[in-house]
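Values quoted throughout were computed directly from the atomic coordinates according to the rules given, and no laboratory measurement underlies them. Everything quoted here is computed from the prediction, not taken from an experiment. Because the Cβ atoms are built from the backbone with ideal geometry, glycine has one as well, and the counts that use them run over all protein chains shown.
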Amino acid sequence: MEAPCQELRPGDGETQEVVPVGVRIPEGARVVFRQSSPLVMGAQSSVMSAPGIANNPCPGIILAMTKFESTLEKIIFASRWFQAPLYAGLIVAGVLYAYKFLVELLHLLLTVNEITEEVLMLGVLTLVDITMVANLLVMVIIGGYATFVSRLHLDEHPDRPDWLDKIDAGTLKVKLATALVGISGIHLLKGFIGIKDKEPEQIKWQVIIHGVFLLSSLLLAATENLLHKKHES
């Protein structure tokens, strides 16, 4: 009759268990490192030796569980690559914005002698708006990929952005919120330039939305600053 599988406790004499390298071993247990032991994730395993080791089924069960856990962790960690196509799609969106910018710029060049200064200013603000959205896309693509998918090996690249050294999930959220405030401000300014053609209700909601964006970014920045101070202390 096979011996039942028991929990390992300090001082137990009839139990044994396979322990992966790096796991804390209970005080008082005798450990034998065997070169011929099964490998778990490419690392040596250690076997706790005791009387009745040949009849105890615990080592095989624990080894199988360890392999399963390691494989599951690898799969979970590899799931971050599902985001890679999303960032590739954002690159395509950036190309579309660049095309839209060129179309708007060409329109201004062809009609500059016919349009008023107010219309020209609206056109320039549109170009600024497109540029800020493109900057937001670049920030999301580079920062998001480096934070959530894989490191960018650009240490020797002369054009490597300085902010990439300090980027993390919290900092990226603050930068995105700040960019949204800037874009909202551009739209609000465009509304003020043509205010005589706008409904008061529409202007009011633009102001409210811009205020909400501004307040949200301030609260987010304050929260991140507080969290960084706690981590430093």
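A protection proxy built from the mean count of other Cβ atoms within 10 Å ranks the segments 68-74, 182-188, most packed first, as 182-188, 68-74.
Close amide H pairs (under 5 Å, H built 1.01 Å from N) link Arg160 with no residue at least 5 positions away or on another chain. Peptides 155-166, 200-211, 129-140 ordered by packing proxy, namely the average of other Cβ atoms within 10 Å per residue, highest first: 129-140, 200-211, 155-166. Pairs of Lys residues in the stretch 79-233 are counted when their Cα atoms are under 15 angstrom apart and they lie 8 or more places apart or on different chains; the count is 4.
Answer rounded, prolate or oblate for the stretch 81-232, using the Cα gyration tensor with square roots of eigenvalues a ≥ b ≥ c: rounded when a/c is under 1.5, else prolate when a/b is larger than b/c, else oblate. Since a/c reaches 1.5 but b/c is at least a/b, the shape of the stretch 81-232 is classed as oblate.
For the stretch 111-193, the relative contact order comes to 46 percent (Cα pairs under 8 Å, sequence separation of at least 6). The phi-based Karplus calculation (6.51 cos²θ - 1.76 cosθ + 1.60; θ = phi - 60°) puts the 3J(HN,Hα) values of the stretch 114-131 at 10, 9, 7, 5, 5, 5, 4, 5, 4, x, 5, 5, 5, 5, 5, 4, 4, 5 Hz, whole numbers, x for Gly and Pro. FRET efficiency for Leu105 and Arg160, Cβ-Cβ distance as r, R0 = 35 Å, nearest 0.05? The computed FRET efficiency comes out at 0.75.
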